[in-house]
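Visitor: Okay, here's the structure, questions in a sec.
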Amino acid sequence: MPAPRPSQVDTWQRAEKNAAAWMRWWGHADARDTGQGADGGIDVRAETALGQVKTDAHNVGRPALQRLVGARGRNHDQALFFFSGFGFSRQAIEYADDMEIALFRFALNGAMSPVNEAARVVLSWVELREAQAARAREVATQTAAPFRRPTTPRPTQQAHRTPAPGTATSAAAPEEPLSAWEQIRKDFRAAQERHRRRPG
């Protein structure tokens, strides 16, 4: 899925569609705008995330973020995104950091700028994802070989060996990989811990 293309954001409807497009790019593939309008509830919904969009010409305050958290209810596995065309108050940013809400400011051409650490972690994860995908494509191209008729390998005989006492006979089962959002939350918490340990 390609990154969202620049598009004019001059109405609340376009702002919500733009936010949904970016959330899909950030890993929430089923994100869709609800079309409910300003203050009509959640503006973007996905199974794994919720988003709120404000086009007002003033900073978004903490109460608006608290309403977003309240709308999520007990489903704490859902990621939270808040989009503003103007900006956020200091209290809102502090609250967002505590509640792991990714804050973004959007431009008239639809471009998104991260406002807080949670938002920067999201972008870092997407950058890493795309770098890994590009590397995988490069490796696949380099290792592609012309078709050759398969040959039947000769049977080999190996002496049966009894494993020594205490020796594992099979490899341990691999750990389950983290989901995209779980990895983002893990990275964000690590960034918070580094910030707390910073002197001064």
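Quick note: the coordinates plus some simple rules give every number you see, no bench work behind them. Note that this is a predicted model, so its numbers are computed, not measured. Glycine also receives a Cβ, built like all others from the backbone with ideal geometry; neighbour counts cover every protein chain displayed.
Visitor: Going by amide H atoms built from the backbone, whose H comes under 5 Å of the H on Val53, apart from near neighbours?
Guide: For Val53, the qualifying residues are Asp43, Phe83.
Visitor: Follow-up question, since we're still on this one. What list do you get for Ile93, Ile42 if you sort them by fewest beta carbons within 10 Å?
Guide: Going from least to most buried by this count: Ile42, Ile93.
Visitor: Just to check I understand the Karplus step: with θ = phi - 60° and J = 6.51 cos²θ - 1.76 cosθ + 1.60, what whole-Hz values come out for region 80-88, glycine and proline as x?
Guide: In residue order, the calculated couplings are 10, 10, 10, 10, 9, x, 10, x, 9 Hz.
Visitor: Cut-off is 10 Å between beta-carbons; in what order do Arg72, Arg129 appear when sorted fewest neighbours first?
Guide: Arg129, Arg72
Visitor: Rounded, prolate or oblate: which fits region 12-121 when a ≥ b ≥ c are the square roots of the eigenvalues of the alpha-carbon gyration tensor, with rounded for a/c under 1.5 and prolate only if a/b beats b/c?
Guide: rounded
Visitor: I need the peptides 74-80, 106-112, 59-65 ranked by packing, meaning the mean over residues of other C-beta atoms within 10 angstrom, with the highest value on top. Let's see the in-between values first.
Guide: On the way: 74-80: 14.3, 106-112: 15.9, 59-65: 17.9.
In decreasing order of mean packing, 74-80, 106-112, 59-65 become 59-65, 106-112, 74-80.
Visitor: Continuing with the same structure: Using only Cα atoms, what Kirkwood radius does region 28-87 have, in angstroms?
Guide: On the way: mean 1/r = 0.0846 Å⁻¹.
Mean inverse Cα-Cα distance, inverted, gives 11.8 Å.
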